[in-house]
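Trainee: Can you read through this structure? Questions will come right after.
What follows is calculated from the coordinates using simple rules that are stated; it is not laboratory data. This structure is a prediction, so every number in the text was calculated from the model and none was measured. So basically every Cβ, Gly included, is an ideal-geometry build from the backbone, and we count neighbours across all protein chains shown.
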């Protein structure tokens, strides 16, 4: 009986703390997630159309980015997308990436 009381107490405390843990994602983080999702969608489209990872990497190396971190991140997203066995449509990959990115940002806070 005592174990049950502790479980209920823990559950009530957890539920009471839930609103405190509810966080929002900043506009900048949302923009980064959207950008990364777009890169994942483009990489998936290229993969499905038969372009090689090498050609995509070369294209990204030549592309101009507004922030210094974007090139490295774009290369990483592209490489991960190509290594994945997924044959999902690019829109589904974009959505999955975006959802995962937002969840990551929320968990980080």
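Trainee: Hey, rough spin-label estimate for residue 92 and residue 23, points 7 angstrom out along Cα→Cβ, what's it come to in nanometres?
Mentor: Going by the 7 Å Cα→Cβ label model, 3.1 nm.
Trainee: Taking the Cβ-Cβ separation of residue 49 and residue 71 as r and a Förster radius of 30 Å, what is the calculated FRET efficiency to the nearest 0.05?
Mentor: Rounded to the nearest 0.05, the efficiency is 0.85.
Trainee: For region 35-75, what percent of Cα pairs sit more than 13 Å apart?
Mentor: When every Cα pair of region 35-75 is considered, 52 percent fall beyond 13 Å.
Trainee: While we're here: For a quick check: sort 105, 99 by the number of other beta carbons within 10 angstrom, fewest at the front.
Mentor: 99, 105
Trainee: What is the order of 35, 69, fewest Cβ neighbours within 10 Å to most?
Mentor: 69, 35
Trainee: Please report the orientation-averaged projected area of region 24-108, defined via the convex hull of its C-alpha atoms, in nm².
Mentor: So the Cα hull casts an average projection of 5.7 nm².
Trainee: So, R0 is 41 Å and r is the distance between the beta-carbons of residue 57 and residue 109; what FRET efficiency does that work out to, to 0.05?
Mentor: 0.80
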